[in-house]
């Protein structure tokens, strides 16, 4: 008898709930009408009664969340969205509404995670994709702004340190021997930036353009925004040179093996290992500096990858379908490379693409960059743009050399195999982080270089 009574009660409850479920559509319609009329509190009352009378229902909870938002009950709205997700976790629209609320509350990381769930449950959700891209762009912008503020704080601290220690008293000037500015050469960019940053730090620094063709009057291929004054030839007729020549520290890149200006104080800046080991005739008192620790030519390293412009080289504007592959021979011709690039590759040359912006745009359209020159900033630039750089020829280098370098082998395929390509794609984020850190450290490194060279040549 007791069992029969229990069964009847269960059936009655089930019947009542079934009835409530059957009337759910009319309840939803009523709530929508009240909401549209502006009777939001009354609409919320109706939906709360329905929630209490039926099993947990995601649609009712979503309606309650909308009403709470209209009434300014943000925390209650968030709670309703989360309860709806607990009932129906795969419902993309609920995740989208929650993500939008979290974005409004400036809880950016939570909003990003919620938008990703929308795309997980409903790939191709256009609004979620757009909002996620905006969040990522805003995050990148905030990171760049913070990096700029940090660099300004760092530079200000360096200047205060210099002033406090009196490092400018009787500081020796610098003459940096270099070709004219060319954006396609990371080494030349580094030499010009070194001059600029030394001047920014309060030192006296000049460029001397060596073994370059004479240019029309007034034409000077220099970076338009850097402080890079040029001492012109002939030196014996230049009054500025006559003023500084007895005190100057001359910086030669490794492509200049001798001492053409007959300087007493010489810095050898090795921007490449091959030339350094084969031809540079360093004096006994020369100060030797390597661009990278992988060159192993000295104990002093001045690594400054200033050519890696993160404002240009990124994959935020990359098309969904990349439609080309590119190739770069570069120094591979010096290594006697006979291999031909894969068929159909678009070749990069010293003169094309003509600008850095156009190079970045081309890389964003590319699937792969095949390079026969392992030591080139193009590999990093391609990876930052979302292409996969593949090294086809190492020349005098080895994989171990690059593993020991400042950026390692992140984002770059060391050989043309599926495993290496997969590893390169998986480590792009780590590469970007290392580039950001290396760029942020440049002012401090240049100040350290200035202090070291001034101390080295103080009594020479």
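The values are calculated or read from the model by the stated rules, or taken from the named source; none is laboratory data. The structure displayed is predicted, hence computed values, not measured ones. Cβ coordinates were reconstructed from backbone atoms using ideal geometry, including for glycine residues, and neighbour counts include every protein chain displayed.
The table below lists the values:
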quantity: Residue 64 vs. criteria at pLDDT 90 or above, outside any loop (DSSP other than H, G, I, E, B) and over 26 Å from the mean Cα position of the chain (by Cα); calculated: yes
quantity: Matching entry among 361, 325 (being over 22 Å from residue 291 (Cα atoms), at pLDDT 90 or above and within 21 Å of the chain's Cα centre (by Cα)); calculated: 361
quantity: Flag if residue 407 is outside the structural domain of residue 247 (by TED's automatic domain parsing) and at pLDDT below 95; calculated: yes
quantity: Qualifying position, being out of contact with any strand residue (DSSP E or B) (no Cβ under 9 Å at 6 or more places or on another chain), closer than 23 Å to residue 140 by Cβ and in contact (Cβ under 8 Å) with a residue 60 or more places away in the chain, among 316, 364; calculated: 316
quantity: Sole residue being under 22 Å from residue 58 (Cβ atoms), under 24 Å from the mean Cα position of the chain (by Cα) and part of a helix (DSSP H, G or I), chosen from 86, 111; calculated: 111
